[in-house]
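The values are calculated or read from the model by the stated rules, or taken from the named source; none is laboratory data. Bear in mind that the values here come from a model prediction, so they are computed numbers and not experimental data. Neighbour counts run over all protein chains shown; Cβ positions are idealised from the backbone, glycine included. Note: areas computed on protein heavy atoms with side chains; ligands, DNA, RNA excluded. Shrake-Rupley method; radii C 1.70, N 1.55, O 1.52, S 1.80 Å.
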Amino acid sequence: MKIAVCIKRVPDMDVRFKIAPSGTAVDESGLKFDISDFDGYAVEAALQIREKLNAGEVVVISLGPDVVQETLRKAMSMGADRAVQLKAETIPADSYAIATALAAELQGGGYDLILFGRMSIDTAHGATGAMTAELLGLPVVNAISKLEFDGGTAKMRRELEGAYELVECALPAVVTIDEGIARPRYPSLKGIMAAKKKPLEIRPAQLAEPRLVLDAMALPPERSAGRIIGEGSAVVPELVRLLKEEAKVL
Amino acid sequence: MSNNVLAFAESRGGDLRRAALEAVTAARAIADVRGGAVHAILFGAPGIGAHAPRLGAHGADSVIVVEHAAFAQNNPEAVAATIAAHMGRGYGALICPASATGKDIAPRVAAKLQVPVASDAVAMTANAASITVTHPGYTGKILQTLTLTATPAVVSVRPGSFLPKENAKAGAVEVLAPVGDPAASRVKVTETATGNTAKLDLGEAPVIISGGRGLKEAANFTLVEELAAAFGNAAVGATRAVTDDGWRPHADQIGQTGRLVSPDLYIACGISGAIQHLAGMRTSKTIVAINKDKEAPIFKIADYGIVGDVLEILPVLTAAVKQAKASG
Ligand SMILES: Cc1cc2nc3c(=O)[nH]c(=O)nc-3n(C[C@H](O)[C@H](O)[C@H](O)COP(=O)(O)OP(=O)(O)OC[C@H]3O[C@@H](n4cnc5c(N)ncnc54)[C@H](O)[C@@H]3O)c2cc1C
Ligand SMILES: Cc1cc2nc3c(=O)[nH]c(=O)nc-3n(C[C@H](O)[C@H](O)[C@H](O)COP(=O)(O)OP(=O)(O)OC[C@H]3O[C@@H](n4cnc5c(N)ncnc54)[C@H](O)[C@@H]3O)c2cc1C
């Protein structure tokens with residue numbers, strides 16, 4: 001099975017972000033970058049499929065400036081066979097523009113399965129996978145937490161709010177990956193060495209004109225500081241009173 | 001450009017979702033600025049059209065009803081194709097709920113119409129030419145202001161951000177045939193199962209009672225469920241520690257890699273308050289935390305914290321909530 005995984009380079013979220021002076025970007029100084037959470041699950045899922053079938057190829061693709069090569073090498077150190085950078089100096093906030101460029105690369109690539117993350121952990125629109133599928137004329141199943149194959153048919157589980165769907169779809173198809181599918185492996189030393197020699201092609205990204213424009217970024221208002229109202233079940237009556245009279249939620 | 005706005009009226013299992021009323025409410029606000037009409041589009045098995053009056057009551061001038069036996073299950077390909085074709089009649093915007101279903105539909109339709117989508121809007125303003133949304137990104141740590149200059153503008157709105165408002169309009173029913181044969185969709189939903197024993201789910205409930213590893217074992221989640229039942233309008237959530245161990249289904253997970261929720265009241269039971277958990281619930285209006293460790297980070301954001309054993313406190317709280325509900 002020939003599998004493509006589209007991966008995005010994102011900052012580590014475990015920090016207090018600062019807005020850059022431009023007002024439309026985060027201040028990247030001191031930030032660590034890695035594969036977006038759900039894209040890591042997607043890479044792992046692809047590797048497990050290849051290992052199970054003991055055949056096939058896993059190609060990772062990332063759109064962005066040269067720094068995304070580091071992200072692609074990381075995926076190859078986990079086990080992906082080769083990588084493609086769609087080079088763009090500035091990346092629009094417009095998921096349709098991104099999808100156009102990814103679709104142009106994927107078109108005619110002969111992929112049986114194209115994986116995306118459910119959403120990128122930074123800009124979090126969760127749109128790129130479905131849009132790319134539409135542009136390719138392929139079926140898409142979004143946000144899946146289980147994936148099995150029955151001949152040429154993918155059988156999946158999709159999480160909803162408080163429920164789930166079982167979904168089937170014939171390949172070739174686009175699938176976006178939710179958590180729960182497989183925790184990404186850590187690259188081994190051998191994997192890291194091997195990744196240095198794996199092929200990484202660089203091609204210009206064919207981006208469409210952006211029509212979703214980022215005007216501003218701001219930090220959300222701080223929550224007022226927390227308050228401990230007491231200890232043990234003796235304070236339950238006081239809690240109930242506060243919920244009734246102060247918060248008015250009871 | 002048309003000033004009319006189309007709202008996707010989400011349903012599941014023959015019932016209208018609260019998110020449908022929220023989408024109509026959000027659409028109404030844009031249409032009012034532009035002097036246009038709101039049309040709600042509703043898909044389902046035959047009979048779903050019976051819900052049209054509720055959409056009218058919340059601001060839909062007309063309700064486009066698309067009934068087909070193959071819509072008994074979610075059918076994203078046929079739904080998206082039908083919406084995209086119907087948009088050809090001339091709409092300035094499409095508003096979907098940013099629920100699992102709405103976020104599945106919105107980008108499909110947007111790509112068919114060759115426009116971008118702005119997801120998960122928590123606020124929205126419109127003028128004659130464009131729509132500007134506030135979109136939380138970076139796990140809720142940064143609010144992005146995004147302007148959609150493409151027409152039509154496709155936006156999904158976060159559940160709980162545009163509360164359903166009654167605003168009686170005609171809700172005139174128009175029947176529409178689906179595009180293509182919905183029974184021939186390449187993507188087939190074979191089953192929809194409810195994983196949560198509570199009646200309400202995380203996307204809809206105004207109250208969420210969430211449990212963490214501090215509950216000690218899966219069986220103790222009955223204490224959480226009993227408190228949810230006492231409220232009557234509550235759903236049950238969980239941390240990743242709990243869903244990883246299989247105590248609760250993954251669909252119940254709240255946080256960075258789970259669901260994003262902002263209920264009126266969030267009660268965190270035996271939850272430490274890891275940054276990845278907070279990412280999913282910090283916008284809740286009121287937060288209560290019960291934890292035996294007074295240094296637990298959850299107390300930093302809890303409006304009301306109780307230090308103590310959650311297994312001892314929950315039954316007492318459940319009894320007190322029952323009593324408060326009974327006495328009105
Ligand atoms: C290094 C870098 C810096 C950026 N800086 C900014 C900035 O400062 N301000 C700003 O507004 N935007 C910036 N962007 C662009 C922006 O973050 C997104 O690429 C764009 O908004 C689409 O994201 P989305 O939320 O729609 O993605 P989603 O639709 O949420 O992503 C879903 C999935 O699509 C795939 N995907 C998404 N993007 C890519 C990609 N670039 N390459 C390969 N696969 C991808 C992944 O599988 C991902 O899980 C930057 C992008 C990169 C790569
Ligand atoms: C990439 C990534 C993504 C993640 N995404 C998510 C996510 O989406 N959602 C999520 O929740 N987590 C997520 N996590 C995991 C997160 O970091 C925490 O590990 C997790 O939230 C902890 O769950 P917990 O609070 O149940 O458990 P713990 O951290 O173990 O906390 C248990 C708490 O219970 C208290 N306690 C123990 N006994 C009692 C008692 N008898 N009475 C009262 N209190 C008691 C303890 O004091 C402690 O504070 C993610 C982690 C990573 C690395």
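Rounded to two decimals, what ratio of Rg to Rh does the stretch A:146-248 give with C-alpha atoms and a Kirkwood Rh?
Expressed as Rg/Rh, it is 1.18.
One-quarter of the Cα convex hull surface for the stretch B:238-327, in nm²?
Over all viewing directions, the stretch B:238-327 projects a mean Cα-hull area of 6.1 nm².
What is the local net charge at B:Ala110, summed over the other residues whose Cβ is closer than 13 Å to its Cβ (Lys, Arg +1; Asp, Glu -1)?
Spelling it out: positives minus negatives among the neighbours equals +1.
Just to be sure I understand: of the beta bridges DSSP finds with both ends in the stretch A:7-142, what percent are antiparallel, rounded to 5?
40 percent
Enumerate the whole-percent occupancy of each 5 Å bin, from 0 to the last occupied one, for all C-alpha pair distances of the stretch A:1-65.
Distribution as computed: 4, 16, 19, 17, 14, 10, 8, 6, 4, 1, 0 percent.
When the Kirkwood hydrodynamic radius is evaluated over all pairs of different C-alpha atoms of the stretch A:178-221, what value in angstrom, to one decimal, is obtained?
About 16.2 Å for the stretch A:178-221.
Compute the orientation-averaged projected area for the stretch B:15-54 from the convex hull of its Cα atoms and round it to one decimal in nm².
Computed as one quarter of the Cα hull surface, the answer is 2.9 nm².
Jot down the per residue volume, in cubic angstrom and as a whole number, of the convex hull over the alpha-carbon atoms of chain A.
Measuring per residue, one finds 195 Å³ for the Cα hull of chain A.
Per residue of A:221-227, how many C-beta atoms from partner chains lie within 10 Å of its own C-beta, taken as a mean?
Counting Cβ atoms of other protein chains within 10 Å of each residue's Cβ and averaging gives 5.
Cα atoms only: what Rg and Dmax, in Å, come out for the stretch B:42-146?
15.2, 44
How are the C-alpha pair distances of the protein assembly as shown spread across 20 Å bins, as whole percents from the shortest bin up?
Computed distribution, short to long bins: 21, 54, 24, 1.
Order these peptides, B:103-116, A:148-161, A:59-72, A:197-210, by their mean beta-carbon neighbour count within 10 angstrom, highest first.
B:103-116, A:59-72, A:148-161, A:197-210
Using a cut-off of 20 Å between alpha-carbon atoms, which aspartates and glutamates can reach A:Lys32, once sequence neighbours fewer than 8 places away in the same chain are excluded?
Correct list for A:Lys32: A:Asp12, A:Asp14, A:Asp66, A:Glu70, A:Glu89, A:Asp122.
Using square roots of five times the C-alpha gyration tensor eigenvalues, list the equivalent-ellipsoid semi-axes of the stretch B:127-217 in whole Å, biggest first.
The three semi-axes for the stretch B:127-217 are 31, 26, 18 Å.
Of the heavy-atom accessible surface of the stretch B:124-269 (probe 1.4 angstrom), what whole percent is carbon and sulfur?
It is 52 percent, rounded to a whole number.
Inside 10 Å of the C-beta atoms of B:250-262, what's the mean count of C-beta atoms belonging to other chains?
Partner-chain Cβ atoms within 10 Å, mean over residues of B:250-262: 4.
Starting from the eigenvalues of the Cα gyration tensor, five times each then square-rooted, give me the equivalent ellipsoid semi-axes of the stretch B:5-184, largest first, whole Å.
24, 18, 15
B:Arg12's amide H: which non-local residues (gap 5+, or another chain) put their own amide H closer than 5 Å, with H modeled 1.01 Å from N in plane and none for Pro or chain starts?
Amide H to amide H, under 5 Å and 5 or more residues apart or across chains, B:Arg12 pairs with B:Arg17.
Taking each residue of B:131-138 in turn, how many C-beta atoms of other protein chains fall within 10 Å of its C-beta, and what is the average?
Across B:131-138, the average partner-chain Cβ count within 10 Å equals 5.
Quick one: which residues, 5+ away or cross-chain, put their amide H under 5 Å from the amide H of A:Ile228? H built at 1.01 Å from N.
B:Gly305
May I ask you to work out the translational diffusion coefficient for chain B at 10 °C, viscosity 1.306 mPa s, via Stokes-Einstein with Rh from the Kirkwood sum over Cα pairs, reported in whole µm²/s?
77 µm²/s
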